[in-house]
Amino acid sequence: MNAVPGDEELPLAEHLKEMRSRMIIVAIPVIIITLIAFIFSGSLLQLVWNYSVPVPMTIYSPTELIVTKLTISLVCALFFGIPLIVYETFMFVGKGLYKHEKSFFIKVVPFSFILFSMGAALAYFVVVPLVFKYTVFYSIDIAAPQVSLMKTISTMITLVLGFGIVFQFPLLLIFAIKMDLLKREYLRGKRIIIYSALIAFAFFISPGPEALSGLIVAVVLVVLFEFSLLIARFF
């Protein structure tokens, strides 16, 4: 097996020592950002809630508020720490990659982050408010809504992360095309079948009392599919 030029074989203990050092480099800024975010977490929580949820906050345990504030602070820290995490990961594994693999990694990672941010923004600004408002309005004639703070924020985070992950779909498709697992011409010729499958998948992962969130996911997946076919030629 051909070795990567410039790669130096080191004992396992040295690799573990380097990995520990890089994990510490990542952990310290994440902890600091978490602590800073926690100071402003009350205002941030109120801002997020007022934008997305049409009913007052309700807590059901003495620790619910503080746990929720810690959760939202950690999520903020991890989001802003992503560039550092990716950089340290690349520095750790980069020595074992060939030049073309490094080039592919450098092109894909920023693209992945941009796609994730777009998906997260769509979820927060469009999908989350629609889901909560329609859900509350759907049940208001039957019961007075009292929404748990922790469960609501957890649902928001799940939706935001879910859409961020869904927006990685172009990368998976581009990777499959580059590995010759799929052909652009074949995919373009099977649009109707692929559209049907994407729409069915969208409604399967978006259950709820209304079809709006599923429709949004379906439209997003179809647009991402077409975008993937367009962008694949540049990778």
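The values are calculated or read from the model by the stated rules, or taken from the named source; none is laboratory data. Predicted model only: the values in this text are computed from it and were never measured. So basically every Cβ, Gly included, is an ideal-geometry build from the backbone, and we count neighbours across all protein chains shown. Accessible surface is based on the protein model in full, side chains and every heavy atom, while ligands, DNA and RNA are left aside. Shrake-Rupley method; radii C 1.70, N 1.55, O 1.52, S 1.80 Å.
Remarks
- Selection within region 53-87 - among the hydroxyl-bearing types (Ser, Thr, Tyr), open to solvent by less than 60 Å² (accessible area, probe 1.4 Å) and modelled with pLDDT under 85: none
- All positions within region 15-36 that are among the basic types (Lys, Arg) and under 24 Å from the mean Cα position of the chain (by Cα): Arg22
- Residues that are without any contact (Cβ under 8 Å) to a residue 60 or more places away in the chain and not in a loop (DSSP other than H, G, I, E, B) within region 50-70 comprise Asn50, Ile66, Lys69, Leu70, listed in sequence order.
- Any hit, region 52-72, residues being on the phi < 0 side of the Ramachandran plot and within 18 Å of the chain's Cα centre (by Cα): yes
- Flag if Phe125 is among the aromatic types (Phe, Trp, Tyr), within 19 Å of Met156 (Cβ to Cβ) and modelled with pLDDT of 75 or more: yes
- Residues that are at pLDDT 85 or above and either within 10 Å of the chain's Cα centre (by Cα) or over 19 Å from Lys69 (Cα atoms) (or both) within region 129-157 comprise Pro129, Ile157, listed in sequence order.
- Residue identified as farther than 27 Å from Ala218 by Cβ, touching a residue at least 12 places away in the same chain (Cβ under 8 Å) and touching a Pro at 6+ places or on another chain (Cβ under 7 Å) among Leu78, Leu115, Leu84: Leu84
- Hits in region 14-38 - residues which are charged (D, E, K, R) and either more than 22 Å from Val75 (Cα to Cα) or open to solvent by 90 Å² or more (accessible area, probe 1.4 Å) (or both): Glu14, Lys17, Glu18, Arg20
- Looking across region 45-88, the residues that are more than 13 Å from Met156 (Cβ to Cβ) and in contact with a Ser or Thr (Cβ under 7 Å, 6 or more places away or on another chain) come down to Thr58, Tyr60, Lys69, Ser73, Leu74, Ala77.
- Tabulated pairs, region 88-104, first at negative phi and open to solvent by less than 60 Å² (accessible area, probe 1.4 Å), second among the hydrophobic types (A, V, I, L, M, F, W, C) and at pLDDT below 70, C-beta under 8 angstrom, 6+ apart or interchain: Gly96/Val4; Leu97/Val4
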